[in-house]
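The values are calculated or read from the model by the stated rules, or taken from the named source; none is laboratory data. Every value quoted in this text rests on a predicted model; they were computed, and no experiment measured them. Positions of Cβ are backbone-derived with ideal geometry, glycine not excepted, and every protein chain shown enters the neighbour counts.
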Amino acid sequence: MTAEIRLFPCLSDNFGYLIHDPATGATASIDAPDAGQIIQALERAGWTLTDILVTHHHQDHVGGIAELKAKYNCRVVAPHDKGTAIALVDERVKEGDTVKVGNLVARVFETPGHTLDHISYVFDADRALFCADTLFSIGCGRVFEGDYPMMWNSLLKLRALPNDMRVYCGHEYTASNVKFALGIEPDNPALQARAAEVTKQRAAGQPTVPTLIRDEKEANVFLRADVPSVAAAVGLAGKSPAEVFGELRERKNKG
Ligand code: ZN
Ligand code: FE
């Protein structure tokens, strides 16, 4: 049996995610943006929380841990970096570690840049990537704690995943990301198609995730900093992908 995944809005623009193993009944929440909304989602599904898989230390990803831990006595798995103040952690994980949720298996990828402690969880057999604030659909997280080469490197790791890997990101920022990306690559047909799809999804009140790694590779300008036409579009023809990426990120920050 394969994993069941539920997604639901949390806080103003976060996604809440539950991943459930029907064989064992185990259920993990990816991050804990809002305990109340996660409890409601669990009750709707009839599931009991066994694990919280934390991606990074920001409040909108850890704010619900204490309440969930008190209610379910679940295991809290968090990044290796003990320098960050995540409370009530049971297990620290680093690059190459695996985490089991019942019989489901996730690999841990260190994806620093947005924060230094940021990790992503890759459920290979279930084709599900939980990448929080590293990779968004048609965008990426702001680089708060790392630098541009570090973040670019993290994005390359995710880009190398199989094309049919589903991307479950941390925030619903897709419409604004599409607007920015079209300013850089107005003639990219994959981006144009994605723009039309996102307009439809938003009008229908639907989430714009998950997407696929394949689609992000074609339409997400932040994964395309090593495409010569993208470098040229920001006036950096011939420069390194990390420099082009940095320029894209700075322009988006200002936009
Ligand atoms: Zn964050
Ligand atoms: Fe966030």
Inset, instruction - Could you list all residues from the stretch 117-134 that are within 24 Å of K252 (Cα to Cα), touching a helix residue (DSSP H, G or I) at 6+ places or on another chain (Cβ under 9 Å) and either among the β-branched types (V, I, T) or within 12 Å of ligand 1 (Cβ to nearest atom) (or both)? - result: H118, C131, A132, D133, T134
Inset, instruction - Could you please find all residues in the stretch 12-26 being under 19 Å from C169 (Cβ atoms) and either hydroxyl-bearing (S, T, Y) or surrounded by fewer than 16 Cβ atoms within 10 Å (Cβ to Cβ) (or both)? - result: S12, D13, Y17
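Going by what's in this entry, would V89 be described as free of Cβ contacts under 8 Å to residues at least 24 places away in the same chain and among the aliphatic types (A, V, I, L, M)?
For V89, the condition - free of Cβ contacts under 8 Å to residues at least 24 places away in the same chain and among the aliphatic types (A, V, I, L, M) - is not met.
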Legend entry - Residues of the stretch 45-75 satisfying the condition of being in contact (Cβ under 8 Å) with a residue 24 or more places away in the chain and among the basic types (K, R): K71, R75
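Results for (1) touching a residue at least 60 places away in the same chain (Cβ under 8 Å); (2) assigned to a helix (DSSP H, G or I); (3) touching a Gly at 6+ places or on another chain (Cβ under 7 Å), shown as yes or no for each residue.
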{"residue": "A181", "(1), (2), (3)": "no, yes, no"}
{"residue": "P186", "(1), (2), (3)": "no, no, no"}
{"residue": "V209", "(1), (2), (3)": "yes, no, no"}
{"residue": "F222", "(1), (2), (3)": "yes, yes, yes"}
{"residue": "K239", "(1), (2), (3)": "no, no, no"}
{"residue": "F245", "(1), (2), (3)": "yes, yes, no"}
Legend entry - Single unsatisfied condition, Y121 versus (1) over 27 Å from P79 (Cα atoms); (2) of a type in the set (F, W, Y); (3) surrounded by 24 or more Cβ atoms within 10 Å (Cβ to Cβ): (1)
Inset, instruction - Check E243, E218, E145, E250 and return the single one that is in contact with a Ser or Thr (Cβ under 6 Å, 6 or more places away or on another chain) and among the charged types (D, E, K, R). - result: E145
Inset, instruction - Could you grab the pairs with beta carbons closer than 9 Å, sequence gap of 6+ or different chains, first residue in the stretch 102-117 and modelled with pLDDT of 95 or more and crowded, with 20+ Cβ neighbours inside 10 Å, second one assigned to a strand (DSSP E or B) and of a type in the set (D, E)? - result: D117/E110
Inset, instruction - Could you tell me whether the stretch 181-189 includes any residue that is of a type in the set (A, V, I, L, M, F, W, C) and touching a strand residue (DSSP E or B) at 6+ places or on another chain (Cβ under 9 Å)? - result: yes
Inset, instruction - List every residue pair whose Cβ atoms lie under 6 Å apart, where the two residues are 6 or more positions apart in sequence or sit on different chains, the first residue falls within the stretch 147-175 and is assigned to a loop (DSSP other than H, G, I, E, B), and the second residue, located anywhere, is within 16 Å of ligand 1 (Cβ to nearest atom). - result: G170/A132; G170/D133; E172/D13; Y173/F136; Y173/G139
Inset, instruction - Just name the residue that is farthest from ligand 1 (Cβ to nearest atom) out of those in the stretch 185-210 that are β-branched (V, I, T) and surrounded by 19 or more Cβ atoms within 10 Å (Cβ to Cβ). - result: V198
Legend entry - Some residue of the stretch 60-76 being over 26 Å from G25 (Cα atoms), within 16 Å of ligand 2 (Cβ to nearest atom) and within 19 Å of the chain's Cα centre (by Cα): yes
Legend entry - Filter result (more than 15 Å from S176 (Cβ to Cβ) and either surrounded by fewer than 19 Cβ atoms within 10 Å (Cβ to Cβ) or of a type in the set (D, E, K, R) (or both)) within the stretch 234-255: G235, L236, A237, G238, K239, S240, A242, E243, E247, E250
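Those residues that are within 16 Å of ligand 2 (Cβ to nearest atom), surrounded by fewer than 24 Cβ atoms within 10 Å (Cβ to Cβ) and either of a type outside the set (G, A, S) or under 12 Å from the mean Cα position of the chain (by Cα) (or both), I need them from the stretch 131-157; list them, please.
Within the stretch 131-157, R142, V143, F144, E145 qualify.
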Inset, instruction - Might you check whether a residue that is on the phi > 0 side of the Ramachandran plot and in contact with a Ser or Thr (Cβ under 8 Å, 6 or more places away or on another chain) occurs anywhere in the stretch 107-130? - result: yes
